[in-house]
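The values are calculated or read from the model by the stated rules, or taken from the named source; none is laboratory data. Predicted model only: the values in this text are computed from it and were never measured. We place every Cβ from the backbone using ideal geometry, glycine too, and count neighbours over all the protein chains shown. Areas reflect the complete protein model, heavy atoms only, side chains present, ligands, DNA and RNA absent. Shrake-Rupley method; radii C 1.70, N 1.55, O 1.52, S 1.80 Å.
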Amino acid sequence: MTERPAPPSRPGARPGGFGIADLPRIVRGRGSHLYDVDGKCYVDGSGGPAVFSVGHAHPEVNAAIQRQLEDIAYGYRYLFTSSALEELTAMLLELCGPGYSDVVFTGSGSEAVESALKIALQHFYCRGLPGKRRFIARERSWHGNTLGALSVSGFAERRRAFEGSLLDVAFVSAANAYRPPAGIAASDLAAHCAAELDAQIEALGSDSVAAFVFEPIVGAAGGVVPAPPGYARAIEAVCRRHDVLLIADEVMCGSGRSGCFRALEHDGVRADLMTIAKGLAGGYIPLAATLCTPAVAAPIFAEAGAFQTGHTFTGHTLACAAGLAVQQLIAREQLVERVRVTGARWLSELRAALARYDEVGDVRGRGFFLGVEFVADRATQRPFARERGLSLDIGRRAFDAGLICYPCAGNVDGTNGDTVILAPPYNASDADLEEILSKFTRAVGAALEPR
Ligand SMILES: Cc1ncc(COP(=O)(O)O)c(C=O)c1O
């Protein structure tokens, strides 16, 4: 007889503990700490999926939001511009360095990716190349939950229920030095991946491919996987050769999290289109953006006059005011610099703290964007059985002990694989970082050596 799940204990509860009534109720945040209704304190080791760039309830950001709210919350984009919108646009273009000319604001990373895909399609349509419709993306990637963004995501678990209704996207290998394709040495990975992309474009026909989409540092789908040296330059060259646009999805890794405002700065590459989101307004108000170069925008403006993308709340005034306050704070306190310097030290400390566990296969990342991959066998890199749920186990033990980290499963083949991401606020103090590290190490120990 099949066992029936126990009925939910409270309205909103769900079997498995995933309903809202099963979660603690958040009431307050201060800096790198959050407090629930019972007074329990949590340190923000990744308070959401790498969202909180300047911590919680920062008085300066709150004051800027309050000021904007007292003036006006929102002016509709087809009727008005605003100081917040204009100043944030100018600041982002400066932070990105020369080369980008236009910014489309949206409310989520998925919408930003959706806009990047649509701008790429509109670009070729306006150039009289309407056959360039196809996208190429990578396995082990995540670009969002809308149908377009999901279509370019190489994440089997999250796609399964929607297969059949997704865009026909071609996928190439992930560029993961810890898990290169069979028979490829890590040192040959960049060249191998570039050749694979080149072959894929040739197979589809250059005249049918619009863009290649990738995360410069893979987030949830890989557990923080920076591209190997030379990779970004090599794929950029392939894209240029075939007149294929390069879209860098920096929703998670961008906005300073990796120690540069653009994650691709590390690689000396500028994508034709770039998306940013999470750290941009740091969770104070939902805000995302798609940036593009003049070469991408020019044919669109010449032929159509405007980008055919965006939503009712595109360029929302209050969200832009929040984003501006967050970015001004980051700039004034030189927090991206702090992330770069302190992040390198913190990575070494994390590696040292976890060295005694054979199950820690790889500790990697840049800035305040670190990932730990767990393996059942270090020599073969065999993952733990999915049923073990190791990353979730570590995440739960950490949460119980007052640390929020970001466990991810499925990095090996879309189903198996355990990684945990640490992504604290850029202004987390040294003491906060120490607290995160020691609580994390204890949670790992407890999960691996249960008594
Ligand atoms: C790289 C990347 N792109 C896009 C998205 C989608 O962003 P959102 O969840 O805000 O729609 C995410 C979300 O985690 C992401 O990590």
Simple Cβ-charge dipole of the range 367-443, Lys/Arg +1 and Asp/Glu -1, about Cα centre, in debye nearest 20: 240
Spatially proximal lysines relative to Lys439 (Cα-Cα < 28 Å; intrachain offsets below 8 disregarded): Lys40, Lys278
Accessible area of the range 251-401 divided out per residue, in Å², using a probe of 1.4 angstrom: 38
Coil-residue trypsin sites (Lys or Arg not before Pro) of the range 122-157, DSSP, other Cβ within 10 Å capped at 10: none
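With each run of n ≥ 4 DSSP H residues scored as -39500 (n - 2.57), what mean residue ellipticity at 222 nm is computed for the chain after dividing by its residue count and rounding to the nearest 500 deg cm²/dmol?
-11000 deg cm²/dmol
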Relative packing of 155-165, 273-283, 31-41, 370-380, which averages over residues the other C-beta atoms within 10 Å, highest first: 273-283, 370-380, 31-41, 155-165
Square roots of five times the Cα gyration tensor eigenvalues for the chain, Å: 33, 29, 21
Packing-based order for 328-340, 405-417, using average beta carbon neighbours within 10 Å, highest first: 405-417, 328-340
Cα centroid of the range 204-268 to Cα centroid of the range 317-360, whole Å: 21
Surface share of carbon and sulfur [accessible, 1.4 angstrom probe, percent] for the chain: 54
Qualifying lysines (Cα of each under 27 Å from Cα of Lys132; at least 8 residues distant if same chain): Lys118
